[in-house]
Amino acid sequence: MKNKIILFWIWGILNLLTGFWEIYVYNNRNLLQLEKTSIWEKINKGQINIYNFWLEGFSEYSKVDSRYIIKHYVWLFELFNAFISIIFIIILISKNYNLLKLVLILSIINCILYFLTLFIEIYIIEDENIIKNIQKYSKNWMLLAYYLISSIWIFVPLYLYYLL
């Protein structure tokens with residue numbers, strides 16, 4: 001069980017750091033912007049510094065989900081994840097593994113709801129603004145890559161759940 005606990009701590013710390021990033025970007029969401037130049041191009045040109053790297057990274061992700069800029073309800077998923085990450089660490093410290101299962105389930109549900117709302121807005125409602133922003137600002141590889149990165153918040157908690 002000790003080796004498994006290390007995995008929980010690694011996830012907890014990484015998710016907590018992500019939660020702090022989500023809160024930071026949420027507090028500075030008015031600085032997010034969609035543009036064709038990628039973060040990688042800006043890094044190569046020396047246009048990125050440590051102060052704007054975190055915002056530029058989220059702006060980059062917003063190219064495949066511009067709801068962060070045009071529909072602010074999507075921030076509820078990020079803020080809930082930040083809250084869950086704090087609770088996760090507290091529960092790890094208390095060693096209440098039954099509650100840990102509940103938090104992992106909430107994390108999975110939160111991410112599934114995020115993807116579900118994205119799917120509904122793109123494929124059922126066919127929100128023209130979101131679709132146009134994807135077509136204008138993202139590249140084909142971004143959709144798969146960035147959504148796979150986001151799916152980590154389904155697969156890792158699911159794996160950890162089954163370790164308990």
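No other residue among E22, E41 is in a helix (DSSP H, G or I) and within 17 Å of the chain's Cα centre (by Cα) apart from E22. Look at the stretch 135-146: where a residue is over 16 Å from L118 (Cβ atoms) and a partner is surrounded by 13 or more Cβ atoms within 10 Å (Cβ to Cβ), sitting 6+ places away or on another chain with Cβ atoms under 9 Å, you get K136/L34; K136/K63; K139/S38; K139/K63. Is one or more of the residues making up the stretch 128-135 acidic (D, E) and either under 26 Å from W40 (Cβ atoms) or touching an Asp or Glu at 6+ places or on another chain (Cβ under 9 Å) (or both)? No, there is no match, as no residue in the stretch 128-135 is acidic (D, E) and either under 26 Å from W40 (Cβ atoms) or touching an Asp or Glu at 6+ places or on another chain (Cβ under 9 Å) (or both). Just for the stretch 135-164: of the residues that are in a loop (DSSP other than H, G, I, E, B) and under 24 Å from I70 (Cα atoms), which one is modelled with the lowest pLDDT? This residue is K139. Here N52 meets each of (1) modelled with pLDDT under 95; (2) part of a helix (DSSP H, G or I); (3) under 22 Å from N140 (Cβ atoms) with one exception, condition (3). If you filter the stretch 135-157 down to residues that are more than 24 Å from F80 (Cβ to Cβ) and surrounded by 17 or more Cβ atoms within 10 Å (Cβ to Cβ), you find that the one that is farthest from the chain's Cα centre (by Cα) is Y137.
Looking at the stretch 58-134, the helices (runs of 4 or more DSSP H) lying wholly inside it that each contain 3 or more residues that are buried (at least 18 other Cβ atoms within 10 Å of the Cβ) and touching a Gly at 6+ places or on another chain (Cβ under 8 Å) sit at 75-94. Residue pairs whose Cβ atoms lie under 8 Å apart, separated by 6 or more positions or on different chains, with the first residue in the stretch 14-28 and modelled with pLDDT of 95 or more and the second surrounded by 14 or more Cβ atoms within 10 Å (Cβ to Cβ) and not in a helix (DSSP H, G or I), are V25/L32.
Each row is one residue, and each column tells you yes or no for (1) at pLDDT 90 or above; (2) farther than 30 Å from I90 by Cβ.
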site: L7; (1), (2): yes, no
site: L31; (1), (2): yes, yes
site: I43; (1), (2): no, yes
site: F58; (1), (2): yes, no
site: Y61; (1), (2): yes, no
site: S66; (1), (2): yes, yes
site: K71; (1), (2): yes, yes
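Evaluation of L7 against the conditions (1) closer than 26 Å to Y159 by Cβ; (2) in a helix (DSSP H, G or I); (3) under 15 Å from the mean Cα position of the chain (by Cα) shows that the sole unmet condition is (3).
The values are calculated or read from the model by the stated rules, or taken from the named source; none is laboratory data. What you are looking at is a predicted structure, and each value in this text was computed from that prediction instead of being measured. Counting neighbours? That spans all protein chains shown, and the Cβs are built from the backbone with ideal geometry, glycine included.
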